[in-house]
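Read through the structure below, which is laid out as structure tokens, and then see the notes.
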Amino acid sequence: TELANQFIADQVAALREQVKDKKVLLALSGGVDSSVVAALLIKAIGQQLVCVHVNHGLLRKGEPEQVIEVFRNQMNANLIYVDATDRFLDKLKDVTDPETKRKIIGGEFIEVFAEEARKLDGIEFLAQGTIWPDILESEHGIKAHHNAGGLPEDMKFELVEPVKILFKDEVRVVGKALGLPDNMVFRQPFPGPGLGVRCPGAITRDRLEAVRESDAILREEFAKNGLEGKVWQYFTVVPDFKSTGVKDGKRSFEWSVIIRAVNTSDAMTAEVENIPFALMQHIVKRITTEVKGVNRVLYDFTPKPTGTIEFE
Ligand code: XMP
């Protein structure tokens, strides 16, 4: 904590020195890295930071609300909230190929963010939640740096990257020292394309709602039963198929929810978590009674390899 406080003090000084009285723009997803960058910048330059939170309609239950509550209401940040749900879902309509879905979501995200940026005057800096492993991976050509660049050619900003010398664990410690809530700082990984990759096949509003609601139940039950923070990643998936079942004595023909819960150290391989059977039964009961359009719950027993963690 002492080290974290020293880091924060040093970064605050460095940020003020770099930015002076200019404005900084930040895409605030609510993920660990961008949240910590936001909190650091709010501390350093307050209202000179402009945060843009783009809701692509593929966020988990309560996520956009929490970003608004924490940053706008509690930290008094200058936050622009854009609900672009319809726009994303329209673009994704009838698109079944996983890579095409990812490209559409990524491309649309940059477009929405760039549109918001163009509306603002006098922005000279762009803040990013780049961390040390991102830099290592792009140097070694493992994956394209997912943070850097991407904006249209004519939009040139000087970069502000206050956590780029930190590892993920250190970012979390700094976030905690900055007063961010535990469920933001210690949250499980969540892919950029969000719930979109957990709706295999073409994304529809009803299946998306089933994924969001079942995921919320799973998270709630894991938290209640001491599995939060113990299991590395857990979520639900609702593929594009229906099966016959029986509800209230009548035939039903509805979606299946697949539960996935895995442990890993580096996400390259993963083992399936052994969830207590009684808890599983309880979760199945809740999902089949509380989530609309679902009559079946399945558990994915596949390690990585041969599965990946996500379904798409
Ligand atoms: P896979 O499915 O490849 O996932 O075994 C490994 C880890 O990476 C996360 N993941 C992503 N994270 N953007 C991200 O920031 C993405 O597009 C993305 N796709 C997968 C996944 O949740 C898991 O933790």
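Under a 5 Å amide H cut-off, with hydrogens placed 1.01 Å from N, residue 95 pairs with 203 among residues at least 5 apart or on other chains.
Just to verify a number: FRET efficiency for residue 2 and residue 281, C-beta to C-beta distance, R0 = 45 Å, to 0.05? Don't skip to the end; give the middle numbers.
On the way: r = 47 Å, r/R0 = 1.04.
That gives a FRET efficiency of 0.45.
Of 156/176; 23/91; 168/224; 101/242; 61/93; 91/176, which sit over 28 Å apart, Cα to Cα? Could the numbers behind the result be given before it?
Working: 156/176 32 Å; 23/91 32 Å; 168/224 26 Å; 101/242 22 Å; 61/93 21 Å; 91/176 37 Å.
Exceeds cut-off: 156/176; 23/91; 91/176.
Note: relative contact order over segment 194-299, using C-alpha pairs below 8 Å and six or more positions apart, is 27 percent.
Taking only the alpha-carbon positions of segment 174-296 and ignoring solvent, what does the Debye formula give for the base-10 log of I(q)/I(0) at q = 0.18 Å⁻¹? Log10 I(q)/I(0), no solvent term: -1.04. Under the convention that each Lys and Arg Cβ holds +1 and each Asp and Glu Cβ holds -1, the size of the dipole of segment 82-231 around its Cα centre is about 460 debye. If you find the alpha carbon centre of segment 188-211 and of segment 103-119, how far apart are they in angstrom? What the calculation gives is 19 Å, centre to centre. Taking only the Cα atoms of segment 54-93, the ratio Rg/Rh comes out at 1.07, with Rh defined as the Kirkwood radius. In this label model, residue 186 and residue 158 are separated by 3.9 nm, measuring between points 7 Å along each Cα→Cβ vector. Inter-part distance, segment 17-84 to segment 247-312, computed on C-alpha centroids, equals 33 Å.
What per residue convex hull volume, in Å³, do the alpha-carbon atoms of segment 165-245 yield?
Values: hull volume 10.3 nm³, N = 81.
About 127 Å³ per residue, rounded to a whole number.
Fully extending the segment from residue 87 to residue 47 would add 11.5 nm, taking 0.36 nm per residue of separation and subtracting the current Cα-Cα distance.
In plain terms, the residue of 53, 282 with the fewest other Cβ atoms within 10 Å comes first and the most crowded comes last, giving 282, 53. Kirkwood-type hydrodynamic radius, segment 222-278: 13.8 Å, calculated from all non-identical alpha-carbon pairs. Across all Cα atoms of the chain, the radius of gyration (one decimal) and Dmax (whole number) stand at 20.5, 70 Å. The HN-Hα couplings worked out from phi for segment 23-38 by the Karplus form 6.51 cos²θ - 1.76 cosθ + 1.60 (θ = phi - 60°) are 9, 10, 9, 9, 7, 9, 8, x, x, 4, 5, 5, 5, 5, 4, 4 Hz, whole numbers, x standing for Gly and Pro. The order of 255, 132, going from fewest to most other C-beta atoms within 10 Å of their C-beta, is 132, 255. Taking amide hydrogens as placed 1.01 Å from N in the peptide plane, the amide H of residue 126 sits under 5 Å from those of 25, 158, 159, 160, each at least 5 positions away in sequence or on another chain. Contact order for segment 2-185, expressed relative to its length and based on alpha carbon pairs under 8 Å spaced 6+ residues apart, stands at 29 percent. If R0 equals 41 Å, the separation of the Cβ atoms of residue 290 and residue 102 corresponds to a calculated FRET efficiency of about 0.85.
Which whole-number percentage describes the relative contact order of the chain, with Cα contacts under 8 Å and a sequence gap of 6 or more? Before the final figure, lay out each step's value.
Values: 508 pairs, mean separation 52.9, N = 312.
Reported as a whole number, the value is 17 percent.
The convex hull drawn around the Cα atoms of segment 44-200, when projected onto a plane and averaged over every direction, covers 10.2 nm².
None of the figures in this text is laboratory data; all of them are computed from the coordinates on show. None of the values given here were measured: they were computed from a predicted structure. Backbone-built Cβ (ideal geometry, glycine too); neighbour counts: all protein chains shown.
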